[in-house]
Amino acid sequence: MIRVATVAIGLLALAGCKQSDTYPNGVDQARIVEAANSSEEWLTHYGDWRNRQYSALEAIDRKNVGGLKLAWSMDMDTNRGVEATPIVADGIMYVTGSWSQVYAIDAQSGRRLWHYDPEVPGEYAGRGCCDVVNRGVALWGDKVLLGTFDGRLIAIHKKTGKPVWTQDTLIDRKRFSYTITGAPLVANGLVIIGNGGAELGARGYVTAYDIATGKQVWRFFTVPGDPSKPFESKAMAKAATTWTGKYWEGGGGGTVWDSMAYDPELDMVYLGVGNGTPWNRSVRSPNGGDNLFLSSIVALKRKSGEYVWHYQQVPGEEWDYTATQHLMLLDLQINGKIRKTIVQAPKNGFFYVLDRSNGELLSAKNFVPVTWTNGIDLKTGRPRMRDVRYETKPVDILPGPTGAHNWQPMAFLPKTGLVYIPSLELGPTKFETDRNYRFKSHSWNVAVDFKNFVYPESPEELSAIAKGLKGDLIAWDPVRQKERWRFKHRAPWNGGVLATASGLIFQGTSDGYLLAIDAVSGRELWRFFCQTGVMAAPISFRLAGTQYISVAVGWGGHYGLEWGPLALEATGGLPNKSRVLTFALDGKATLPAPEKWQGQLEPMVAIPPNQSNAMETEGRTLYARYCSACHGGAAISGGVLPDLRNISPEVYDGWDEIVLEGSRSTNGMGGFKSHIDRRQSRAIRAYVLSRAHRTWMDRPKN
């Protein structure tokens, strides 16, 4: 029989919490710890410091969830991707939209109280991966803590919505493209933030700031720097022995772009560390090596940032197998003994259970099919690698760089002892070394040949791919390392998960629904049409005796942008509409009728496609490298950003001014003249033009 340990959580409030850390009428350590029991509010990104995505509320249950209705909705000011988990404290909801904008909302009525726009420069859209998203804020005392896409950390007064202090968190803006998309972590008076950017060239680190003053307290680098200079810590000196070549010239990677965790009893902070820069180890570290601390969970002392332990999941990582996914702290009974564990289901497809006090690997089992390893050796902790290095030959590998589980939060339900994972199966990816790779600042730096990342263009090929894509909700036993049940969604890239004590699992879907699923049987009990794809995780809270379910909706992100034709099919062609939706059993609100998509193609048929086949072929590869991440594979938009097949003759004539010079940078389209020349720009235009004409010729004839 599985047992999940019940800890006297109230006692944990005493761990490391002094009277000086307590803020009257504000959010403090004791209040966050106690919230894990009451669930009246939602005070941290994952609900509590255990990161369980769990609510102890039970008013909405299996019997009455069918009567759940919309209580209120609030439209956001932008319509790019929305990945934020709302925070609720003292009856106020704080949630972020795209471009790092923050909204304070009356959580009972949906009335907007204030809106803060950090005014991220539009050209920054091209300096990061996977949309201008933000996953939420943190609260402490009277402050709302926000990380912005352009790398600032801002403390906002929670009553007025005005900035109190701002810190530039970036170490080298000229050479590397850093971003922040993850939510800050608050830990007993410190706010800790990482950054993204490993695809574009970056050196990873996390920084802790004093919440009251904004002063930097400590910084921990996740990969070593130039060995001709003093190492920042003993940990970096140790890590440097696992790298070769001039790894520091490309940054090294290892960005902590999402999940972190804090244990107040152990007073330790846990980091999920990302992939290498470039991806290709034979370029990054030519004589091999494990390349610490890539693809690792790292534990630090909260007060000093001093290294305690690490566990590396994929030594010598080179497939974008980040360990930045949701970290969860669970007390589990394993072999008759209660163990304080940290669990994770990262991109590489394995579910890991470790002792969070010392980093000991307790178990690891794949929850989706994998081809990169024959399993994990529990004695050494190392994977038994298959022949999947691509230094000398192309290699197909599963999972691909999108992963078996991405950033979308999973959830834990104490009553079942199960973890509920939003899984992905997107088929194998072919990796091949780019023999012409040279590092370029503010550009994609993966050293992988992009011809293998070119999307198929024919409807038949796309249809065949779509049939092989899976996005399931898996109920996983973390002790027995076994699947209990699986709920199959229509398409991949579905939202994060919420578990409630009443035995319900809530999850949004890429085709625009919010679902309630029975936590024991996996049976669907309720659904609501949200009119747009849902990526973010729902939350639950209680006000004036009423339990609410709330979720931020809005399509975009990696899949919604780059997988254009398939992402568009998933949403049924609806235009994106970014909103906050809140539900209750006595809800009486309704949504307006969905708008019609304005993406019908009237392409550049007046412009003859008279370029050469060689130019089109070159343009196709260049488009895959520089354009598809935003405007969609095969030049087909996912419905969020403009479809380039539909541009006007005026845009065609002004193409170089837009693409090279950045004449529309305020709209998010920065210039690429440091990456491509005029001839290459024209080759991309030739490819887009050919796609427009082909689409027009293949259109259904009435």
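The values are calculated or read from the model by the stated rules, or taken from the named source; none is laboratory data. Since the model is a prediction, treat every value here as computed from it, not as a measurement. Virtual Cβ from ideal backbone geometry, glycine too; neighbours counted across all protein chains shown.
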Picking from 473, 566, 514, 525, the residue that is hydrophobic (A, V, I, L, M, F, W, C), modelled with pLDDT under 95 and outside the structural domain of residue 635 (by TED's automatic domain parsing) would be 566
For region 655-667, pairs from a residue that is aliphatic (A, V, I, L, M) to a residue that is in a helix (DSSP H, G or I), with Cβ under 6 Å and 6 or more apart or across chains, are 659/681; 660/681
Restricted to region 511-540 and to residues being among the hydroxyl-bearing types (Ser, Thr, Tyr) and surrounded by fewer than 23 Cβ atoms within 10 Å (Cβ to Cβ), the residue farthest from residue 469 (Cα to Cα) is 521
With criteria (1) in contact with a Lys or Arg (Cβ under 8 Å, 6 or more places away or on another chain); (2) under 19 Å from residue 294 (Cα atoms), residue 358 comes up short on (1)
Scanning region 541-579 for residues that are touching a Phe, Trp or Tyr at 6+ places or on another chain (Cβ under 9 Å) and polar (S, T, N, Q), the one surrounded by the most Cβ atoms within 10 Å (Cβ to Cβ) turns out to be 550
Picking from 164, 186, the residue that is in the same structural domain as residue 306 (by TED's automatic domain parsing), within 25 Å of residue 266 (Cβ to Cβ) and outside any loop (DSSP other than H, G, I, E, B) would be 186
Exactly one of 125, 71, 84, 104 is assigned to a loop (DSSP other than H, G, I, E, B) and either in the same structural domain as residue 177 (by TED's automatic domain parsing) or out of contact with any Asp or Glu (no Cβ under 6 Å at 6 or more places or on another chain) (or both), and that one is 84
When region 261-313 is checked residue by residue, the ones that are among the aromatic types (Phe, Trp, Tyr) and surrounded by fewer than 19 Cβ atoms within 10 Å (Cβ to Cβ) are 307, 309
Of those in region 33-49 that are in contact with a strand residue (DSSP E or B) (Cβ under 8 Å, 6 or more places away or on another chain) and farther than 19 Å from residue 497 by Cβ, the residue modelled with the lowest pLDDT is 40
Residues of region 478-497 being assigned to a loop (DSSP other than H, G, I, E, B), over 27 Å from residue 96 (Cβ atoms) and modelled with pLDDT of 95 or more, in sequence order, are 478, 479, 480, 481
Tell me, please, whether a residue that is crowded, with 24+ Cβ neighbours inside 10 Å, small (Gly, Ala, Ser) and out of contact with any Ser or Thr (no Cβ under 7 Å at 6 or more places or on another chain) can be found in region 192-202. no
In region 210-255, anything under 23 Å from the mean Cα position of the chain (by Cα) and part of a strand (DSSP E or B) is listed as 219, 220, 221, 252, 253
- Query: In region 376-391, is there at least one residue being at positive phi and either surrounded by 14 or more Cβ atoms within 10 Å (Cβ to Cβ) or not basic (Lys, Arg) (or both)?
  - Reply: yes
Of the residues in region 403-438, those that are crowded, with 20+ Cβ neighbours inside 10 Å and either in contact with a His (Cβ under 8 Å, 6 or more places away or on another chain) or assigned to a loop (DSSP other than H, G, I, E, B) (or both) number 13
Residue 545 passes all but one of the listed conditions (1) within 29 Å of residue 94 (Cα to Cα); (2) touching a residue at least 12 places away in the same chain (Cβ under 8 Å); the exception is number (2)
When region 87-101 is checked residue by residue, the ones that are buried (at least 19 other Cβ atoms within 10 Å of the Cβ) and in a loop (DSSP other than H, G, I, E, B) are 97, 101
Per the list (1) assigned to a strand (DSSP E or B); (2) under 19 Å from residue 370 (Cβ atoms), residue check on residue 308 breaks on (2)
Residue 694: touching a residue at least 60 places away in the same chain (Cβ under 8 Å), within 33 Å of the chain's Cα centre (by Cα) and either surrounded by fewer than 22 Cβ atoms within 10 Å (Cβ to Cβ) or more than 16 Å from residue 564 (Cα to Cα) (or both), yes or no?
-> no
The lone condition residue 602 fails out of (1) modelled with pLDDT of 80 or more; (2) surrounded by fewer than 16 Cβ atoms within 10 Å (Cβ to Cβ); (3) of a type outside the set (Val, Ile, Thr) is (1)
